[in-house]
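Here the structure is laid out as structure tokens; the discussion comes afterwards.
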Amino acid sequence: MTVRPVNPEDIGTFHGLMMAAGMDPRSSWSRTTPADLERSLFLPGAGGFLAVGAGGEALGCVGYRPDGEATLTLNKLATRPGARGQGVGRLLVREVEHVARMGGYERILLAVSQYNLDVLPFYRRLGYVRCDEPYAHAHPASPPPVVLVKEVRGEQTP
């Protein structure tokens, strides 16, 4: 498996991975459009990655964007259901952590939908902890997400 930066030609693949992830339809995630992704992934300082299997199939995706000088927000992490348990998500999160360290960010922040709380143990294993701060990008029609953070300043690459 390889991980590579996402480019504009990947929007359809990225969106397809997100929709295949099986998110609860009540989540704002399920209302994400390819145009939303294009705006989100290609803002200044933003980006994303695709994990690609040996046969060329996209197995997972993740996005990130800066939120101020100290925080890089991880978002849109999705793994194709048939590829789960193979380290795809962990590898994609580590790539975003690398971007954060190289960019001089102090921490990574992410939000977990109330409809996707089963993923909390995954993030805890990667060193993310719950915090009480509000999520600036929460959809007003959705319940407030669980916000997690990880300090990365001074952290060595695993």
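Indicate the gyration tensor shape class of region 77-118 (rounded, prolate or oblate), computed on the Cα atoms with a ≥ b ≥ c the square roots of the eigenvalues: a/c under 1.5 is rounded; otherwise a/b larger than b/c is prolate and the rest oblate. Walk me through the intermediate numbers first.
Values: a/c = 3.87, a/b = 1.46, b/c = 2.66.
It is oblate, given that a/c is not under 1.5 and a/b is not larger than b/c.
Calculate how many DSSP beta bridges within the chain are antiparallel, expressed in % of all such bridges and rounded to the nearest 5.
Details: 26 of 29 bridges.
Counting only bridges with both partners in the chain, antiparallel ones make up about 90 percent.
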Inset, instruction - Starting from the Cα gyration tensor of region 31-93, take the square roots of the eigenvalues, sort them a ≥ b ≥ c, and report rounded, prolate or oblate (rounded when a/c is under 1.5, otherwise prolate if a/b is larger than b/c, else oblate). - result: prolate
Inset, instruction - Enter the accessible area of VAL3 (Å², nearest 10), with the probe set to 1.4 Å and all protein chains included. - result: 40
Legend entry - Two-decimal Rg to Rh for region 1-131 - Kirkwood Rh, Cα set: 0.93
Legend entry - Point-charge dipole on Cβ atoms (K/R +1, D/E -1) for region 62-158, about Cα centre, debye to 20: 420
Legend entry - Listed residues ARG84, ARG125, ARG94 arranged by accessible area, highest first, probe 1.4 Å: ARG125, ARG84, ARG94
Inset, instruction - In debye, nearest 20, what is the charge dipole magnitude of region 104-158 about its Cα centre with +1 on Lys and Arg Cβ and -1 on Asp and Glu Cβ, if you could check? - result: 120
Inset, instruction - At 1.4 Å probe size, with every protein chain present, just tell me what the per residue accessible area of region 36-139 comes to in Å². - result: 49
Inset, instruction - Rank PRO81, PRO8, VAL152 by how far each Cα sits towards the positive end of the charge dipole of the chain (+1 on Lys, Arg Cβ; -1 on Asp, Glu Cβ) and give me just the farthest. - result: PRO81
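Taking all protein chains as present, what is the carbon and sulfur share of the accessible area of region 1-129, in % to the nearest whole number, probe 1.4 Å? Write out the running numbers ahead of the final one.
Values: 3190 of 6070 Å².
About 53 percent, which is the carbon plus sulfur part of the accessible surface.
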Inset, instruction - Please identify the helices of the chain, taking whole runs of DSSP H, that span at least 18 Å along their own axis as judged from the Cα atoms and have a mean Kyte-Doolittle score of -1.0 or higher. - result: 88-102
Legend entry - Taking only Cα atoms of region 1-61, radius of gyration then Dmax in Å: 11.8, 34
Legend entry - Heavy-atom accessible area order for HIS98, HIS15, largest first, 1.4 Å probe: HIS98, HIS15
Inset, instruction - Report the relative contact order of the chain, percent, no decimals, based on alpha-carbon pairs under 8 angstrom and at least 6 residues apart. - result: 20
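With the Cα gyration tensor of region 72-142 giving a ≥ b ≥ c as the square roots of its eigenvalues, does the rule (a/c under 1.5 for rounded; else a/b larger than b/c for prolate; else oblate) give rounded, prolate or oblate? Don't jump to the answer; show the numbers that get you there.
Details: a/c = 1.72, a/b = 1.05, b/c = 1.64.
Oblate, because a/c is 1.5 or more while a/b does not exceed b/c.
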Legend entry - Estimated dipole of region 1-132 in Debye, rounded to 20 [Cβ of Lys and Arg +1, of Asp and Glu -1, Cα centre]: 360
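The values are calculated or read from the model by the stated rules, or taken from the named source; none is laboratory data. Computed from a predicted model, the values in this text were never measured in an experiment. With ideal geometry, Cβ positions are generated from the backbone for all residues, glycine too; neighbour counts draw on all protein chains shown. We work out accessible area using only protein heavy atoms, side chains counted, and drop any ligands, DNA or RNA first. Shrake-Rupley method; radii C 1.70, N 1.55, O 1.52, S 1.80 Å.
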